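The values are calculated or read from the model by the stated rules, or taken from the named source; none is laboratory data. Since this is a predicted model, take the numbers as computed values, not measurements. Quick reminder, even Gly has a Cβ in these numbers, built from the backbone with ideal geometry, and neighbours come from all protein chains shown. For accessibility, only protein heavy atoms count, side chains too; no ligands or nucleic acids. Shrake-Rupley method; radii C 1.70, N 1.55, O 1.52, S 1.80 Å.
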Amino acid sequence: MSSLVLSRRLLGIVDFTFILETKTGLLIRMPVEALVYKIGGADAYPMVTTRKYVLEGGKEVEIEVPYIPGSSLKGRMRSLLELSKGLPLYTTDKKIWMYVRNLSAMGVEEFVKDAESRNTISELFGWASAQYKAIIDEIDRECKDRSSPPAFCQDKEKLINKLNEVFQNAIAPGRLVFSDLFPSAEYVKKAEPRSLMDFLEYKAENRIDRITSAADPRTILRVKPHVEFEGSIKLLLYDIDCKKIGEYIETIVAGLELVSNTYLGASGTRGYGKVEFKNINVVPKAVRATERGVTLVEEKDCRRSFSKLEELKNEMKTVADCLTKLLCTKQ
């Protein structure tokens, strides 16, 4: 173990900025404990924060606005991609089943296989971290404590050698960084909202008892259609990723496409949460390390702009080839 020396170098960061437009009402619920006020007594409220904007004429205002947590978009993309790829789903608590590279959920042999295979979902969206020593200890535990030890225990050293190779050549932190999404500066300037309610709409709903026809009405406050949010997804690329760039971009685009063809947020099967991604910019920045320090340099040769997601989808290979040449030939 003492001879295992690890190194990882960050080559660049690719920023995918975009506009998300709501096509139908959108609801990402505010937690119950955060309901310090009630607007008109609705039964559900969207996530809300305070932001500063500059209006026409240069006037700066601070207003309450709805927002979309980056975790909501990340989680929705990840879950749809897991299902579309038919990945095995694990649980550690018997409550939630999902695909995740997790030592306690998978067991040591599956964990090592998953890392060795360079599973794109784990690499992009992240995985449950596991210390090298914890994995070694788990190998020892599985081989020692069971009456019928797994087959790999017959050649434990082979699995440890494979684990060493995985740590040297296949493991790095999650590559994607999602921002929270806020109403775009352009939208706010155009709409000139005076209060939070200018972004929202009421949606009346009703549950009907199948026997007595008794009604149980409720009122939902949600983001109205055609509000435009701006956000970004950053893709971190490491020195071990040069052969994976095309697959990474393809997966990001597929995730956005799956979201736009289904829904985001709550109550999607009842018409909520239809969104469109547009005005997408791909902005790569190379990491340049010198004796003086580290700088990020925007590489304009590979910068691209697309008005629609479909345009990016059609140019994925061109974008990937440019990024690979830019970041990986200068190592």
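Below, the figures for the structure above:
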{"read-out": "Net charge contributed by nearby residues that have their C-beta within less than 12 Å of Arg51 (K/R +1, D/E -1)", "value": "-4"}
{"read-out": "Charge context of Asp15, other residues only, Cβ under 14 angstrom, K/R +1, D/E -1", "value": "+3"}
{"read-out": "Gyration tensor over alpha-carbon atoms, the chain, equivalent ellipsoid semi-axes in Å", "value": "41, 29, 17"}
{"read-out": "Whole-number percent relative contact order across the stretch 159-244, with pairs defined as alpha carbons under 8 Å at least 6 apart", "value": "40 percent"}
{"read-out": "Set of the stretch 259-293 residues, backbone N closer than 15 Å to the point 7 Å along the Cα-Cβ line of Asn314", "value": "279-280"}
{"read-out": "Using alpha-carbon coordinates, inclination of helix 245-261 to the longest axis of the chain, degrees", "value": "30 degrees"}
{"read-out": "Relative contact order (percent, whole number), the chain, Cα cutoff 8 Å, 6+ residue spacing", "value": "32 percent"}
{"read-out": "Top positive-direction residue, dipole computed over the stretch 4-148 with Cβ charges, set Ile68, Ile19, Ile139", "value": "Ile19"}
{"read-out": "Extreme residue, positive dipole direction of the chain, given options Ser307, Thr329, Ile28 (C-beta unit charges)", "value": "Ser307"}
{"read-out": "Ordering of 278-289, 4-15 by burial proxy (mean other Cβ atoms within 10 Å per residue, highest first)", "value": "278-289, 4-15"}
{"read-out": "Flagged links, alpha-carbon separation over 23 Å, of Lys113/Lys133; Lys94/Lys274; Lys52/Lys190; Lys234/Lys313; Lys274/Lys308; Lys85/Lys325", "value": "Lys94/Lys274; Lys85/Lys325"}
{"read-out": "Solvent-accessible area per residue for the stretch 240-287 (1.4 angstrom probe, square angstrom)", "value": "37 Å²"}
{"read-out": "Percent carbon-and-sulfur accessible area, the chain, ignoring ligands, DNA and RNA, probe 1.4 Å", "value": "49 percent"}
{"read-out": "Accessible surface ranking that places the most exposed of Glu311, Glu228 first, with a 1.4 angstrom probe", "value": "Glu311, Glu228"}
{"read-out": "Heavy-atom accessible area per residue - the stretch 97-175, 1.4 Å, Å²", "value": "49 Å²"}
{"read-out": "Cα-Cα P(r), the stretch 111-263, percent of pairs per 5 Å interval", "value": "2, 7, 11, 11, 10, 9, 9, 9, 8, 7, 6, 6, 3, 1, 0"}
{"read-out": "Structure-based [θ]222 nm, the chain - -39500 (n - 2.57) summed over DSSP H runs of at least 4, per residue, nearest 500", "value": "-9500 deg cm²/dmol"}
